[in-house]
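Have a look at the structure below, then the notes.
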Amino acid sequence: MRSWEWARPVRPARREVLAAVPELDEGRPPLLFVPGFGHGAWAFAEHWLGHTSGRGFPAYAVSLRGHGDSEPAPDATLRAYVHDVVQVAADLPRRAVLVGHGAGALVVAHALARYPARAAVLVAPVLGGWPTFGAALRRNPAGTLPAVFGGRLRLAPRQLFSRELPDADARRYAARLGGASRRAQWALLNPDEPEAAVGRPPVLVLGSPDDRVVPVSALNRAARRYESAPLLFPGLGHDMMLDARWREPVDAILDWLEKEPAAGPSRA
Amino acid sequence: MSPSPEHDRSGPQPAPLAPTRDGRPVSDRGDTVCVIGAGASGLTAVKNLREHGFGVDCYERETGVGGAWNWRHDRSPVYASTHLISSRPFTQFPDFPMPDSWPDYPHHSQLLSYFERYADHFDLRQHIWFGTEVVRVEPAEGQRWDVTTRSTGGYGPERTSRYAAVVVANGHNWSPKLPRYEGLEEFRGEVMHASSYQDPAQLRGKRVLVVGAGNTGCDIAVEAAQQASHCWHSTRRGYWYAPKYVLGRPADQVNDTLLALRVPLRVRQWLYHLTLRLTVGDLTRFGLPAPDHRVYETHPIANSQLVYYVGHGEIAPVPDVARFHDRTVELTDGRRIDPELVVFATGYLPRFEFLDPKLLGDEGAEGRPRLWLNAFVPGHPTLAVVGLVQPDSGIFPLSHWQAVLFARLLRARLACPERAAAFAQRVTAGAGERYSGAVKDSSRHWFEVGHADYLRALERALRELEAGGR
């Protein structure tokens, strides 16, 4: 019984959803990409959306409220972000695969309890908690500390991208970063355990050992929660979808979807 | 796993299949579950059973999904202006929210499109046999069920299939309940039940008497106030007419804020009475009888406009009908009125004509099953009724959790029978349990549940079932 969700429904907000749909509908499940805090749907529109639809999967990316071109929402809670994702997912013509990146993976983990996704993929998941905070503090104290006091969490470009990405691109992307709401940032520090996923979706976790935001130990922990092991892509930075070798992880996701029986085009 | 086309093939079967019943062939559908009805409750049953790995054959007598909410169906009770009386969060399936762009109280056509999207999103139509009605459901050996179907309308041969389990989701708002009045046969005016009311044009320019103060009765009275030349509204007792909005928010959401804070019933009743006194005001001033009960003791009426039109003199509140004469209607206070059209908004009764009433524990065949959680049948662990509740919220979230619980139970029967057995004992022990505070005794309230009490009871049952053998 979720009394509060009945009594105080999340206030609607205008959402930006970018889409790339293949010309020929082959009955494949749609993918919904959920960017992490600070990022908008643009981060996926750069490479992954087009590539996914090129391989025959309808691809969508949403900007959480307060991000990208969605409505500004300085007081948004994590619950409001989850609401945004579930709303977009339920609006798609077929059961969707949810792909969460960074803190977007935490949003997806919560959304799985509210929507029976066909499958879920957690890319470099930031599921929060003190160890994540410790790692962030060590790598980028100046960007992290203010967030504790309600300031914006700032990530340095070199935290997000590998050295293979040209400096100009890295700076261009970093300039587009925004910030999540204070309350959602705090939720990262002391996250509620996500409720059990409904509909038993298969979950894939992937990340990089050279990620400067999510340590490998956190990846292992996240994967263990879903009874699997993380798929690793050495040499990539945290923002895999923007990095120089963005093609490898997205191909791995789509290969997995093609062979995962429960996530395949049609179970009939 | 698409359903086999056996029961759709015309012409004689080549050879009788192994099991038979009274000499008729029975096709064995293995572990498949049968769902009767593709309305809101049937759809969520199909979806949740599929999600738990079961094959499903769903039979729907109409040609589309949505059941009562599909206005094209001849048994649909909706009228042109039907809007929800519970707001969106109270009405949507918990794992498939209604779009943010919809109003707080959506229109019935939006609800139909919601169910159609639900069916398409989860790819349910491939499991539904449209235009097929269920004639009989009979127990077979091994706690399985023989379901006999035929094309809607009765032509074509009957087919019998054997299923591992049956979910009854045929709805309870389609078979009109008509009270008996002395002299009704003599009455020369027009008489209709609210189920055949569709459009305000039916009322235009007439002198109309509306009987019944359910939500439908109040809606029709309001439309009669706008369209008819005169409107009487006859009620058995005084009611609390709750506005749809209080304190600037949908009233049910305000109420649930109190429930979430676990405010005790007495305090909630007092706050409710206070709120109504401050907003709606004293109803006796308009000639309406004072309520003879506390709020929450009858099914809530959510109608902001009724009192407004009474205040504008467009609705004349009158007491119960005593008897009919050829041109007039006599009221219990001795007054006589002369309506041209009488609309009985006197509700509906559930009907399960394909099931022996004794199976549902309805010994007297009065139409009131004896179940646990309004869904589970004592002595028949593979039979469940979904959606037979009358909550003070939307039905659909309740149906969803009933279906989830039944699907988990069927899985437990396969995986750990001892947990399923414990559950069966619980069903027998708890049959007939109520999930609301004291309510007025009336067939109106047979299935009345408080949504919070009921959902908590369901949640407990789910936990107990899961915790059993782990």
Compute the distance from the alpha-carbon center of region A:175-224 to that of region B:185-238, in whole Å. 58
Relative contact order of region B:178-346, pairs being alpha-carbon contacts under 8 Å that are 6 or more residues apart, as %: 41
Over 32 Å between Cα atoms, which of B:Lys358/B:Lys440; B:Lys206/B:Lys440; B:Lys47/B:Lys440 qualify? B:Lys206/B:Lys440; B:Lys47/B:Lys440
Hull shadow area, averaged, region B:277-425 [alpha-carbon convex hull, nm²]: 13.8
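Hey, got the average number of other protein chain Cβ atoms within 10 angstrom for residues in B:47-57?
Per-residue shielding by partner chains comes out at 1.
On full extension of the chain, what length is gained from B:Gln198 through B:Tyr155, given 0.36 nm per residue of separation minus the C-alpha to C-alpha distance?
Answer, rounded to one decimal: 12.6 nm.
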Which order, highest average first, do B:256-268, B:409-421 follow once you tally other Cβ atoms within 10 Å for each residue and take the mean per peptide? B:409-421, B:256-268
Starting from the Kirkwood radius over alpha-carbon pairs of the protein assembly as shown, derive D by Stokes-Einstein at 37 °C in a medium of 0.692 mPa s and give it in µm² s⁻¹. 116
Let me check the size of region A:180-250 from its C-alpha atoms; what are the radius of gyration and Dmax in Å? 13.9, 36
Total accessible area buried between chains B and A, 1.4 Å probe, in Å² to the nearest 100? 2600
Using the Cα centre as the reference, give the magnitude of the dipole from point charges on the C-beta atoms of region A:1-53 (Lys, Arg: +1; Asp, Glu: -1; all else neutral), rounded to the nearest 20 debye. 480
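What is the Rg over Rh value, at two decimals, for region B:277-358, using alpha-carbon atoms and the Kirkwood definition of Rh?
Working: Rg = 17.2 Å, Rh = 16.1 Å.
My calculation of the ratio gives 1.07.
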For chain B, averaging the sequence separation of alpha carbon pairs under 8 Å that lie six or more residues apart and dividing by its residue count, the contact order in percent is 18
Using the Kirkwood formula over every pair of different C-alpha atoms, what hydrodynamic radius in Å results for region B:124-223? 17.9
As I understand it, the dipole of region A:47-200 uses +1 on the Cβ of Lys and Arg and -1 on the Cβ of Asp and Glu, about the Cα centre. Which of A:Ala135, A:His110, A:Gln87 lies farthest toward its positive end? A:Ala135
Span from the region A:28-71 Cα centroid across to the region A:111-142 one, whole angstrom: 17
For A:Val123, the accessible surface traced by a 1.4 Å probe with all protein chains present amounts, in square angstrom to the nearest 10, to 0
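Rounded to a whole number of µm²/s, how large is the Stokes-Einstein D of chain B at 4 °C and 1.567 mPa s, given Rh as the Kirkwood radius over C-alpha pairs?
On the way: Rh = 23.8 Å.
After rounding, the answer is 54 µm²/s.
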Report the extension gain between A:Phe149 and A:Arg245 in nm, rounded to one decimal, defined as 0.36 nm multiplied by the number of residues separating them, less their alpha carbon distance. 31.0 nm
Long-range amide H partners of A:Ala96, meaning residues 5 or more apart or on another chain whose placed amide H is closer than 5 Å, are A:Arg118
Roughly speaking, what is the centre-to-centre gap between region B:447-463 and region B:322-354 when only Cα atoms are used, to the nearest Å? 36
Those residues in region B:126-152 that give up at least 40 Å² of accessible surface, probe 1.4 Å, once the partner protein chains are present instead of the chain by itself are none
What does the structure give for A:86-98 when I average, per residue, the other chain Cβ atoms found within 10 Å of the residue Cβ? 3
Which whole-number percent gives the relative contact order of region A:3-259, counting Cα pairs below 8 Å spaced six or more residues apart? 20
Any idea how far apart A:Ala19 and B:Cys416 come out in nm if each label point goes 7 Å out from Cα toward Cβ? 4.4
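Rg over Rh of region A:3-259, using C-alpha atoms and the Kirkwood radius, what does it come to?
0.93
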Could you work out the mean count of beta carbons from other protein chains within 10 Å of each residue's beta carbon in B:96-105? 4
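Against the 2.2 N^0.38 Å scaling, with N counting residues, where does region B:178-346 land? I'd like the Cα-based Rg ratio to two decimal places.
The reported ratio for this selection is 1.10.
The values are calculated or read from the model by the stated rules, or taken from the named source; none is laboratory data. All values derive from a computational prediction rather than experimental measurement. Note that we place each Cβ from the backbone using ideal geometry, even for glycine, and neighbour counts take in every protein chain shown. All accessible areas refer to the heavy atoms of the entire protein, side chains included, with ligands and DNA or RNA removed. Shrake-Rupley method; radii C 1.70, N 1.55, O 1.52, S 1.80 Å.
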